[in-house]
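Each remark here refers to the structure printed beneath this line.
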Amino acid sequence: MSRVDSIDELFNNQALELRRGTVVLATLGALHTSQYGYQLLQKLEKSGLAVDAGTLYPLMRRLEKQGLLESRWDTSDSRPRKYYQASAQGKELYNRLISEWRTLNNTLEKMITERDTL
Amino acid sequence: MNLIERYIYAVTQHLPSSQQEDVAKELHATIEDMVADSSQGKSEEIAITSVLEELGNPMILAQQYSNAKQYVIGPQWFGIYKQILVNLLRTVPFIVATIVLLSNMFGSKSHVGTAITNALGAGCGVAIQIAFWVTLVFFIMERSDTKPTEFNKSWTVAMLPELPKPRQISSFESLMGMIMIAAFGIFLILLHFKPGWFGTNSSVEVLNPELWKLWMPAFLVLLFADFVHHIRKFVVGNWTRSLVIIEVLLCLISSMFIVSLVMTQTVVNPEFVNIMAEKGLENPDEVVKWSVNITAAALVILNTWDIVETLWKKAKVGSIEKLA
């Protein structure tokens with residue numbers, strides 16, 4: 001009954017787990033300035049953090065519902081666009097997550113170099 | 001453009017109406033931006049197609065948007081749900097089927113086939129009902145604010161359950177014994193009181209009715225004693241001295257009973273033998289004699305084996321206890 005996943009499949013699953021939290025971090029960071037969804041998508045892609053549109057849009061909506069993002073519709077352009085920006089709470093969460101990220105990164109970095117020098 | 005509208009509809013129809021318009025507007029703008037970016041040199045339709053395919057299955061996108069629970073029962077309830085369901089399913093349907101079978105046997109003039117069909121039908125029906133209602137209750141609990149009490153309290157070592165008592169006699173073995181004995185007893189009673197029930201379509205009994213003056217009631221008493229003995233085996237679960245003695249005694253008595261029955265009595269109803277002969281059975285007396293003898297011999301061998309096995313098990317347990 002038990003199915004053995006190929007190493008590629010296992011890698012993809014684990015890599016997805018690793019990335020999951022970082023998308024929130026990057027989104028909150030990038031949205032310190034007001035942007036609409038597609039702008040953010042392209043910005044993240046340019047920085048090397050490609051995210052599916054199907055993941056990013058629902059995520060922004062969820063963050064907005066949690067009070068971490070604020071949004072407003074801009075109808076001055078020919079295409080009406082929804083602009084998102086991090087709220088005060090969103091910025092606070094971002095700062096705390098960043099320090100958490102740095103701690104984790106340092107710890108893991110130390111573990112990895114220790115292992116390499118063995 | 002029609003493709004875009006259809007895609008957006010396919011996504012938003014799964015969302016709560018409060019979100020639909022907002023999501024639709026945002027998706028629309030995004031898709032148009034994406035198409036504008038990727039349409040260099042391509043026809044608009046090809047660009048739209050590739051953008052929509054990049055966004056992927058609208059059902060999956062809708063799932064990402066929606067916060068509703070996309071499962072019937074979540075992990076916090078699943079363990080309890082499974083435990084309750086399994087416990088109910090392996091007891092209640094069998095009890096119901098047995099009750100239906102017994103009431104069919106002694107109640108109406110129905111046939112053995114219909115009785116078994118009714119019992120199976122009732123058992124399956126009850127099983128489906130149980131599965132449905134238990135699942136429904138847990139489905140509702142999953143969506144209410146209640147949590148299993150185990151997850152509310154902080155766990156301490158004191159909450160660990162005791163280890164199950166070691167058993168030398170499995171409960172399954174004792175239960176099967178009880179069921180077999182009861183079935184055999186009921187079978188004998190039915191053969192006498194409802195001979196037509198087994199499809200022979202006649203009121204002629206297979207076994208000699210004369211036996212019911214003394215031998216058959218005595219045998220039923222013996223069966224009843226064996227039944228009680230199996231209940232004790234089920235409750236005690238270990239080969240105690242008294243259980244071993246009674247087991248051996250019961251085997252010896254029933255072996256002697258069967259041997260003397262076969263040697264002194266006419267077991268099969270002579271009238272039944274005549275009917276079989278009329279139906280074309282050759283050498284009916286020989287056939288009957290041999291089937292009775294073989295059955296009796298098989299029963300005696302089984303009983304002897306039972307004695308040997310019991311004593312051997314007891315001896316093994318005894319030696320282990322001495323070692324310990």
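The values are calculated or read from the model by the stated rules, or taken from the named source; none is laboratory data. Treat the numbers as computed from the prediction; the structure is a model and nothing was measured. Cβ placement follows ideal geometry from the backbone for every residue including glycine, while neighbour counts extend to all protein chains displayed.
Of all residues in the range B:37-83, those satisfying the criterion of being more than 9 Å from chain A (Cβ to nearest Cβ), farther than 30 Å from B:ARG143 by Cα, in a helix (DSSP H, G or I) and free of Cβ contacts under 8 Å to residues at least 12 places away in the same chain are B:GLU44, B:ILE46, B:GLU53.
This table checks each residue for (1) touching a Phe, Trp or Tyr at 6+ places or on another chain (Cβ under 9 Å); (2) part of a helix (DSSP H, G or I).
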{"residue": "B:ILE253", "(1), (2)": "no, yes"}
{"residue": "B:MET256", "(1), (2)": "no, yes"}
{"residue": "B:LEU261", "(1), (2)": "yes, yes"}
{"residue": "B:LEU281", "(1), (2)": "no, no"}
{"residue": "B:ASP285", "(1), (2)": "no, yes"}
{"residue": "B:THR295", "(1), (2)": "no, yes"}
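Filtering the range B:15-36 to residues that are within 11 Å of chain A (Cβ to nearest Cβ) and not in a helix (DSSP H, G or I) leaves only B:LEU15.
Taking the listed residues B:LEU299, B:LEU191, the one that is closer than 21 Å to B:MET178 by Cβ, surrounded by 15 or more Cβ atoms within 10 Å (Cβ to Cβ) and touching a strand residue (DSSP E or B) at 6+ places or on another chain (Cβ under 8 Å) is B:LEU191, with no other qualifying.
Considering only residues that are more than 14 Å from every other protein chain (Cβ to nearest Cβ), within 19 Å of A:SER71 (Cβ to Cβ) and outside any helix (DSSP H, G or I), which ones fall in the range A:30-58? Answer for the range A:30-58, where residues must be more than 14 Å from every other protein chain (Cβ to nearest Cβ), within 19 Å of A:SER71 (Cβ to Cβ) and outside any helix (DSSP H, G or I): A:LEU31, A:HIS32, A:THR33, A:SER34.
Does the range A:62-75 contain any residue that is modelled with pLDDT under 90, among the polar types (S, T, N, Q) and part of a loop (DSSP other than H, G, I, E, B)? Yes, the range A:62-75 contains a residue that is modelled with pLDDT under 90, among the polar types (S, T, N, Q) and part of a loop (DSSP other than H, G, I, E, B).
Among the candidates B:ILE73, B:ILE4, the residue that is touching an Asp or Glu at 6+ places or on another chain (Cβ under 6 Å) and either surrounded by 15 or more Cβ atoms within 10 Å (Cβ to Cβ) or farther than 23 Å from B:LEU136 by Cα (or both) is uniquely B:ILE73. Residues of the range A:79-87 include at least one that is over 16 Å from A:GLN39 (Cβ atoms) and away from chain B (no Cβ under 11 Å).
Selection of first residues in the range A:49-75 that are over 12 Å from B:VAL23 (Cα atoms) and of second residues that are of a type in the set (Asp, Glu) and surrounded by fewer than 14 Cβ atoms within 10 Å (Cβ to Cβ), restricted to Cβ pairs under 8 Å at least 6 apart or on distinct chains, gives the following pairs, ordered by first then second residue: A:VAL51/A:GLU45; A:ALA53/B:GLU54. Residues considered: A:THR107, A:THR33, A:THR103. Of these, the only one that is under 26 Å from B:MET34 (Cα atoms) and either in contact (Cβ under 8 Å) with a residue 12 or more places away in the chain or more than 14 Å from the chain's Cα centre (by Cα) (or both) is A:THR33. Would you confirm, using the coordinates I've provided, whether A:THR27 is away from chain B (no Cβ under 14 Å), assigned to a helix (DSSP H, G or I) and under 24 Å from B:SER38 (Cα atoms)? When the stated conditions are applied, A:THR27 passes them.
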